[in-house]
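Trainee: Quick one: the structure is below, questions incoming.
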Amino acid sequence: MVSDSYFSESEVMGVPVIKRSEFEASLYNVVVAIGDPALRKNYIEKMPAETTFQTVIHPSAVLSKWIEIEEGAIIMAGCVLTCNIRIGKHVHLNRHTTIGHDCVLSDYFTTAPAAVVSGNCHFGEGVYLGTNACVKQGITIADNVIIGMGAVVTKPVEQAGTYVGNPLRKLEKKTK
């Protein structure tokens, strides 16, 4: 957990900052707004077990009534979510993301602004879609995959890793 020395502000955008030493889970509903899915998961797993996580949906987001949303989700301005969508725990959908019908967004799924997901897609835990990334209908993406900015996904992604481009390709780690 982050130490008290990390906190230099008493509030952020009008919301009081509670230092770790002052946090009592029974008194607060919590939103964890960390963009990186792995860091967000790590932070949340260190919270007290009795912590209650709040879901936040911007008033300009458009959601059908046929969506299941679990705790801790953040849905930002301009998002459009159609029907039969399952949104897992601590999912973050950034500005102007669109999600088509019959999609599963597993826990810690994250989009950067303007990501576009066609219908009937399934995303594993900890998937990150970069700004303006597009995913074709019927695609499945494995756990812990990063899709880079502007990438176009037309085939399933079966292994964790970082993928970029059009056509999509996996970045390989350089060996020394």
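Trainee: Identify the residues of the stretch 34-71 with backbone N under 18 Å of a label point that sits 7 angstrom from the Cα of Leu27 along the Cα-to-Cβ direction, or state none.
Mentor: Inside the label zone: 47-54.
Trainee: Using a Cα distance threshold of under 26 Å, what count of lysine pairs results for the chain when pairs must be 8 or more residues apart or interchain?
Mentor: For the chain, qualifying lysine pairs total 16.
Trainee: Compute a Gaussian network model of the chain, connecting alpha carbons closer than 10 Å, and tell me which residue from Val116, Val153, Val12 fluctuates the most.
Mentor: Val12
Trainee: Shape call for the stretch 90-134 from the C-alpha gyration tensor, a ≥ b ≥ c root eigenvalues: rounded (a/c under 1.5), prolate (a/b greater than b/c) or oblate?
Mentor: oblate
Trainee: Only four residue types carry charge here, +1 at the Cβ of Lys and Arg and -1 at the Cβ of Asp and Glu. Report the dipole size of the chain about the Cα centre in Debye, rounded to the nearest 20.
Mentor: Roughly 840 debye for the chain.
Trainee: Same structure again: Would you work out which of Leu81, Gln137, Val32 lies farthest towards the positive end of the dipole of the stretch 1-141? Charges go on Cβ: Lys and Arg +1, Asp and Glu -1.
Mentor: Sorting the options by dipole projection puts first Gln137.
Values in this text are rule-based calculations from the coordinates and carry no lab data. As the structure is a computational prediction, the values presented were derived from the model and not from experiment. All Cβ positions, glycine included, derive from the backbone under ideal geometry; neighbour counts span all protein chains shown.
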